[in-house]
Amino acid sequence: MVKNEYNFKNRTALITGGAQGFGLDIAKRFLNSGAKVIIWDIDAKLLDIVKKDIKNENLSSDIVDVSNYEEVEIATLKILKNSNIDVLINNAGITGPTEPLWEYDVEMWNKIIEINLFGTFNCCKAVVPNMIENNYGRIVNVASVAGKDGNANASAYSAAKAGAIGLTKSLGKELADKNIAVNAVTPAGAKTRILDQMSKEHVQKMLSKVPRGRFLEVYEFTSLVCWLSSEENTFSTAAVFDISGGRSTY
């Protein structure tokens, strides 16, 4: 596999949901590219494992529930005492159960929206003022092809990711007169633990829609995020970058 190199020296990146899957792989690539990386995750055990596995003085972490704005604000101010936040990757999310809308548990529906959509809003709200002050920033919101197509039996997840796409377009336009890029990525199913939250039938249905006939590899996703997060991305903003193996029609 080919992995292009990016220069993230003297940059600080904040990655939510960074203790596993996409987030962890992005963190590793950023660290290898010279960045200072802060991981936020709600799973303390996973964060402990990451700390033991990755011995790098440029890596730090904090237990943060992104759906709670007060926690996000406190954790953001903690970072800003020592450095700016140059890159924000809003990756934290859950899929929830696969059920028809009329049978969906109301509390679970709300939880999925709160983490996937409100969490993205909370982090952007807390971090963007620092980026405006420095006239520099790169924000990548991890949405999903489900936010474009609307997956059956995944109404909460689809709605939350569609909301994240809309948020990206709005915020990107609000910051377009500054050196701050805000973009979304819409992956199809990938080989991460998030598939374990879904029924086998649902996973197979997802795979059947991908013309390439396979799931997304994590490193492929990370490569796209790295470019969007880099100084090389000087023009693209308020956009949605598809990485669905040909599934999406727009």
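Read the figures in this text as sums done on the coordinates, not as results from a lab. Since we're looking at a predicted model, the values are computed, not measured. All Cβ positions, even for glycine, are placed from backbone atoms using ideal geometry, and neighbour counts span all protein chains on display.
Structure data summary
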item	result
Residues LYS148, LYS205, sorted so that the one with the fewest Cβ neighbours within 10 Å comes first	LYS205, LYS148
Coarse-grained scattering of the stretch 41-119 at q = 0.11, 0.12, 0.16, 0.21 Å⁻¹, given as base-10 log I(q)/I(0) from a Debye sum over alpha-carbon atoms	-0.40, -0.47, -0.75, -1.08
Intensity falloff of the stretch 132-250 expressed as log10 I(q)/I(0), Debye formula with alpha-carbon point scatterers, at q = 0.10 Å⁻¹	-0.32
Gained length - GLU107 relative to LEU77, 0.36 nm times residue gap less alpha-carbon distance	7.8 nm
Estimated Rh, the stretch 95-196: Kirkwood, alpha-carbon pairs, angstrom	14.5 Å
Inter-site label distance for VAL203 and GLU231 at 7 Å from Cα along Cβ, in nm	4.2 nm
Antiparallel bridges, percent of DSSP beta bridges restricted to the chain (to nearest 5)	0 percent
Percent of alpha-carbon pairs separated by more than 24 Å within the chain	43 percent
